[in-house]
């Protein structure tokens, strides 16, 4: 079963600003969310309703999962030191 993948405007800007090699690695991780929205290594963030974190090297991908409608919404992409601010 494939999930619908949506990338928010802020996440699109953050992804576009990354170096090419990092962008490709993160894009592969995001594309894999269509097949498995809760892959091994993802963590649900405490204090954020339905927000999950996925590591991609020194970068983090923050996303929400809507189980009822099978949608994964990427909301932020960035380096670990800045993503949680």
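The values are calculated or read from the model by the stated rules, or taken from the named source; none is laboratory data. None of the values given here were measured: they were computed from a predicted structure. Cβ: placed from backbone, ideal geometry, glycine included. Neighbour counts: every protein chain shown.
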Please verify whether residue 56 is on the phi < 0 side of the Ramachandran plot and touching a helix residue (DSSP H, G or I) at 6+ places or on another chain (Cβ under 6 Å), treating the condition exactly as stated. yes
Modelled with pLDDT of 95 or more and touching a strand residue (DSSP E or B) at 6+ places or on another chain (Cβ under 8 Å): does that describe residue 83? no
Filter region 46-56 for residues that are in contact with a strand residue (DSSP E or B) (Cβ under 9 Å, 6 or more places away or on another chain) and exposed (fewer than 13 other Cβ atoms within 10 Å of the Cβ) and give the result. 49, 50
Subset of region 1-45, residues out of contact with any strand residue (DSSP E or B) (no Cβ under 7 Å at 6 or more places or on another chain), free of Cβ contacts under 8 Å to residues at least 24 places away in the same chain, farther than 19 Å from residue 67 by Cβ and not in a helix (DSSP H, G or I), comes to 17, 19
